[in-house]
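K.L.:
Structure in C-alpha cells, see below.
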Amino acid sequence: MAYFKEIVTKAVVGKGKKASEKEYTITPENKPDTVLGCWITNHKFDGNSVNNDIFVSGNFDINVWYSYDNNSKTGVASNTYSYNDKMNVNINDSSLSNKKEIIVSSLSDPNVIDVNVDGNNIKFTMHKELGVEVVGDTKIKVSAEDDYDDYEEIIDEEVNDEVFEDIDNEVTEEYLDEEKDASEESQ
C-alpha cells in the first residue's frame with residue numbers, strides 16, 4: 001500500500017536572467033582625440049528582495065586608455081559606476097516563508113561593446129548578463145510504501161565451507177594467465 005509524505009526542504013523556488021546594455025559617459029582630464037582601449041574590472045554584485053521583487057545591485061570600474069594633444073600623448077581615465085537592476089523572476093507560490101536566499105551569477109562578463117569620443121567626453125556602452133536563483137523553503141510530496149521491509153528477505157543459500165571449496169575449485173591459475181595473454185595481444 002502506497003501513501004504520500006510531505007517533506008520540507010530548501011529548493012530553488014524561482015529563476016531568472018537578464019541581459020542589458022547601458023550607455024555611460026566618462027570625462028578624462030584632457031580632451032581626447034582617440035580611444036586606444038577600454039576595459040571593465042572589479043565587477044561586484046549582490047541580490048536582494050524588496051516586496052517580493054528581486055533586485056541586483058552592483059558596481060564596476062572602467063578604465064579608458066585614450067590619446068590627446070593631436071595623438072601625441074596618452075592617458076587613462078578611470079571611474080566607478082553603480083547599477084540597480086530589477087530582475088524578472090517567477091517565484092513558485094508554494095514557498096513556505098518570506099526568508100529567501102538570492103544567488104546571483106554573471107552569465108557573461110560585462111564588456112564594452114561600443115566606445116567613442118564625444119567632444120570632451122568618452123561614451124561607452126556596457127553589456128552584461130546576470131542570472132538569479134531564489135532559494136527558499138518548500139514542500140515536496142513523495143510516494144512511500146509501508147508494506148515492504150528490506151530486512152525481511154530470506155536468503156535460501158547458506159554460506160558454508162562447501163561453498164568456499166566450490167569457489168576454489170572453479171577458479172584456476174590458468175584463467176588468470178589466459179586473461180593476461182589476451183590483454184597483451186589486444187595492445
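The values are calculated or read from the model by the stated rules, or taken from the named source; none is laboratory data. Keep in mind it's a predicted model, so treat the numbers as computed, not measured. Every residue, glycine among them, receives a Cβ derived from its backbone with ideal geometry; neighbour counts consider all protein chains shown.
K.L.:
Out of the residues in region 1-39 that are over 19 Å from LEU130 (Cβ atoms) and of a type in the set (A, V, I, L, M), state the one that is farthest from the chain's Cα centre (by Cα).
P.N.:
MET1
K.L.:
Can you report the number of residues in region 18-35 which are assigned to a strand (DSSP E or B) and surrounded by 15 or more Cβ atoms within 10 Å (Cβ to Cβ)?
P.N.:
Here the count works out to 6.
K.L.:
Could you list, in sequence order, all residues of region 1-32 that are among the charged types (D, E, K, R), more than 12 Å from ILE140 (Cα to Cα) and in contact (Cβ under 8 Å) with a residue 60 or more places away in the chain?
P.N.:
LYS15, LYS17, LYS18, GLU21, LYS22, GLU23, LYS31
K.L.:
If you don't mind, there's one more thing I want to ask. Given (1) surrounded by fewer than 17 Cβ atoms within 10 Å (Cβ to Cβ); (2) in contact (Cβ under 8 Å) with a residue 40 or more places away in the chain; (3) under 30 Å from VAL8 (Cα atoms), where does ASP53 come up short, assuming only one miss?
P.N.:
Going through (1) surrounded by fewer than 17 Cβ atoms within 10 Å (Cβ to Cβ); (2) in contact (Cβ under 8 Å) with a residue 40 or more places away in the chain; (3) under 30 Å from VAL8 (Cα atoms) one by one, ASP53 breaks only (2).
K.L.:
For region 42-134, please list each of the strands (runs of 3 or more DSSP E) lying entirely inside it that holds at least 2 residues being of a type in the set (Gly, Ala, Ser), closer than 27 Å to LYS31 by Cα and in the same structural domain as SER20 (by TED's automatic domain parsing).
P.N.:
Result: 73-87.
K.L.:
Any residue at all in region 119-136 that's of a type in the set (Gly, Ala, Ser), surrounded by 10 or more Cβ atoms within 10 Å (Cβ to Cβ) and at pLDDT 75 or above?
P.N.:
There is at least one residue in region 119-136 that is of a type in the set (Gly, Ala, Ser), surrounded by 10 or more Cβ atoms within 10 Å (Cβ to Cβ) and at pLDDT 75 or above.
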